[in-house]
Amino acid sequence: AGSPHSVVVPLRATVVPTPPRRKRLLFDTLHSSAYPNGFFPNDDLSQLSVELMDWNGDSPHTNYVPLYASLRASGFYVEVLRADLTSFDANLYGALLLLDPEEPFLPSEPAKLRADVTSRGLGLVVAADWHAPDLMASLDYTDEATKQRRVCGAGGANVPALNELLEPLGIGFGSQ
């Protein structure tokens, strides 16, 4: 038997009071997908020859770092939502950020979002990237590790699913 070891790591953390609602933003990451869960092409189609995959998904800690830094510099506090839209209390947040979601939404999420926006005053920021079924059907590759053919699971965003989510609010994205 070996002797127990301990390591002392100095740690300093600044704890701030809970910010006011208007300064709290909630960034949805549950509905973002990344390889290897599926083949999701790079959001920037001009970069497909350089980088085919959207390796990291969409998060304030990956491809949205500049947005996160800008929001923080403007005095906002950004929290990450890793669960479905029914799991948070909208009264605590100024806005929900739905940025470029690829995954479908649960059947219970549209009604919850509508109530949060119309009755609880939740702000909503929605952005979606490209969605072109013909182009998506033409994007495929063979995974060198598994030797399986992979086909595109969604374009830059799952616009049909996003439109289903937003329909109760009377908004949506067009096809152009």
Subset of the stretch 94-143, residues over 20 Å from the mean Cα position of the chain (by Cα), open to solvent by less than 40 Å² (accessible area, probe 1.4 Å) and at pLDDT 85 or above, comes to Ala115
Tell me which residues, restricted to the stretch 45-76, are open to solvent by 50 Å² or more (accessible area, probe 1.4 Å), assigned to a loop (DSSP other than H, G, I, E, B), more than 16 Å from Leu122 (Cα to Cα) and modelled with pLDDT of 95 or more.
-> Ser74
Determine whether Glu79 is at pLDDT 95 or above and either assigned to a loop (DSSP other than H, G, I, E, B) or within 21 Å of the chain's Cα centre (by Cα) (or both).
-> yes
Could you say whether any residue in the stretch 85-99 is of a type in the set (Val, Ile, Thr) and out of contact with any strand residue (DSSP E or B) (no Cβ under 9 Å at 6 or more places or on another chain)?
-> yes
Looking at (1) at pLDDT 75 or above; (2) within 21 Å of the chain's Cα centre (by Cα), can you tell me which one Gly156 breaks?
-> (1)
Filter the stretch 15-38 down to residues that are open to solvent by 60 Å² or more (accessible area, probe 1.4 Å), modelled with pLDDT of 90 or more and polar (S, T, N, Q), then give me how many there are.
-> 1
Residue hits (the stretch 97-111; at negative phi and either without any contact (Cβ under 8 Å) to a residue 12 or more places away in the chain or in a loop (DSSP other than H, G, I, E, B) (or both)) are Pro101, Glu102, Glu103, Pro104, Phe105, Leu106, Pro107, Ser108
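The values are calculated or read from the model by the stated rules, or taken from the named source; none is laboratory data. Please read all numbers here as calculations on a predicted model, not as lab measurements. Cβ coordinates were reconstructed from backbone atoms using ideal geometry, including for glycine residues, and neighbour counts include every protein chain displayed. Heavy atoms of the whole protein, side chains included, go into the accessibility calculation; ligands, DNA and RNA do not. Shrake-Rupley method; radii C 1.70, N 1.55, O 1.52, S 1.80 Å.
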